[in-house]
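*Asks:* So that we are looking at the same thing, I have put the structure below in structure tokens.
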Amino acid sequence: MIIVDDIYKRYQTTHGLGKWVLQGASFVIPPKVSVGLVGRNGAGKSTLLRIIGGIDQPTKGHVERHCRVSWPMGYGGGLQGSLTGRQNAKFVCRIHGHEQDIEERLAFIEDYAEIGSAFDEPIKTYSSGMRSRLQFGLSFAFDFDVYISDEATAAGDASFKKKAATAFKNLTNRASLIMVSHGESTLKEFCSAGVWIDNGKAYWFDDINDALKAYKESCLK
């Protein structure tokens, strides 16, 4: 279970504090429920996803994670630019306590990322798509209860998108997803529930179709 409790978020800008991205977002994600976050561009979907994943902190409020939660796949952040993909992967394996089978996990990550010789090049030379692919491989190299995806299925060519979709489908028996995607069909395929984000508020729907309907209706106003 994940509890999002009264989350507020705004960022420091060159002109001082920016406007509120999130204002009192609150909801509870039950165990084994996959959720799609929907809303206009700039509504705060990715911001909320990063906060849930623990790689960004709220200005106010808190998130309770009563499960193992991945970092956001597709986000591409959290990697050390001066290190190679392999070195980053080794570091992640070690902090997750997989020193004994590190070579096996590195082989899995390298195969899943499909970035060829770039796996041994510095992250700072990667395109955003390559960073996303590496994050994807890193996430699936470990067992989480909840996987977080920020447009991960949009990274790369058709074959990689198919691989991402297959990986998500294989999760259904052992884990759940929290997903941001601009593809309505993708959300319907992988998510049962939905959260509509509007004007900084978060509205929970047990049915992803109802969340999408609320979002679409708001776009007509």
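*Asks:* Please report, as a whole percent, how much of the solvent-accessible surface of the chain comes from carbon and sulfur atoms (probe radius 1.4 Å).
*Replies:* 49
*Asks:* Let me ask something additional. What is the helix-to-structure angle for 85-95, meaning the angle in degrees between its Cα long axis and the longest Cα principal axis of the chain, kept from 0 to 90 and rounded to the nearest 10?
*Replies:* Between the helix axis and the principal axis of the chain, the angle is about 70 degrees.
*Asks:* Considering only DSSP beta bridges with both partners in segment 2-157, what is the antiparallel share in %, to the nearest 5?
*Replies:* Taking every DSSP beta bridge within segment 2-157, about 80 percent pair in antiparallel fashion.
*Asks:* Using a Gaussian network model of the chain with C-alpha springs under 10 Å, which one of 135, 12, 80 is most mobile by mean-square fluctuation?
*Replies:* Greatest mean-square fluctuation among the candidates belongs to 12.
*Asks:* Could you work out [θ]222 nm for the chain from helices alone, using -39500 (n - 2.57) per DSSP H run of at least four and dividing by all its residues? Round to the nearest 500 deg cm²/dmol.
*Replies:* -10500 deg cm²/dmol
*Asks:* Still on this model: Taking all pairs of different Cα atoms in the chain, averaging 1/r and flipping that mean, what Kirkwood radius in angstroms comes out?
*Replies:* 18.0
*Asks:* What figure in square angstrom, to the nearest 10, would you give for the accessible area of residue 8 with a 1.4 Å probe?
*Replies:* Residue 8 exposes around 50 Å² with every protein chain in place.
*Asks:* To the nearest 20 debye, what is the magnitude of the charge dipole of the chain about its Cα centre, counting +1 on the Cβ of each Lys and Arg and -1 on the Cβ of each Asp and Glu?
*Replies:* About 600 debye.
*Asks:* Pick out which of 182, 66, 96 has the largest mean-square fluctuation in a Gaussian network model of the chain, springs linking Cα atoms closer than 10 Å.
*Replies:* In the Gaussian network model the winner is 96.
*Asks:* Turning to a different aspect of this structure: In square angstrom, what is the accessible area per residue of the chain with a 1.4 angstrom probe?
*Replies:* Averaged over the residues of the chain, the accessible area is 49 Å².
*Asks:* Once ligands and nucleic acids are excluded and a 1.4 Å probe is used, how much of residue 198 is accessible, expressed in Å² to the nearest 10?
*Replies:* Result for residue 198: roughly 40 Å² accessible.
*Asks:* Which distance in Å, rounded to a whole number, links the C-alpha centroids of segment 113-141 and segment 36-73?
*Replies:* About 22 Å separates the Cα centre of segment 113-141 from the one of segment 36-73.
*Asks:* Ignoring ligands, DNA and RNA, how do 172, 166 rank by accessible area with a 1.4 Å probe, largest first?
*Replies:* Per-residue accessible area, sorted high to low, gives 172, 166.
*Asks:* Pull out the extension gain between residue 66 and residue 94, defined as 0.36 nm times the separation in residues minus the alpha carbon to alpha carbon distance; nm, one decimal.
*Replies:* Result: 7.8 nm gained on full extension.
*Asks:* Keeping all protein chains in place and using 1.4 angstrom, which order do 50, 174 fall into by accessible surface area, from largest down?
*Replies:* Sorted descending by solvent-accessible area, the residues read 174, 50.
*Asks:* Further question on the same structure: So how much accessible area does residue 120 have, in Å² to the nearest 10, using a 1.4 Å probe?
*Replies:* Using a 1.4 Å probe on the heavy atoms, I get roughly 80 Å².
*Asks:* Given a 10 angstrom Cα cut-off, can you work out which residue in 42, 200, 18 is the most mobile in a GNM of the chain?
*Replies:* Taking springs between Cα atoms under 10 Å, the residue moving most is 18.
*Asks:* While we're on this one: Can you put 86, 40, 94 in order of accessible area, largest first, using a 1.4 Å probe?
*Replies:* The ranking, largest first, comes out as 94, 40, 86.
*Asks:* Now for a different question. Between residue 173 and residue 80, what is the label-to-label distance in nm when each label sits 7 Å out along the Cα-to-Cβ direction?
*Replies:* 3.8
The values are calculated or read from the model by the stated rules, or taken from the named source; none is laboratory data. It should be emphasised that the depicted structure is a prediction, and the values quoted were computed from it without experimental measurement. Glycine gets a Cβ as well: all are built from the backbone with ideal geometry, and neighbour counts include every protein chain shown. To get the accessible areas, we keep the full protein, side chains included, count just its heavy atoms, and leave off ligands, DNA and RNA. Shrake-Rupley method; radii C 1.70, N 1.55, O 1.52, S 1.80 Å.
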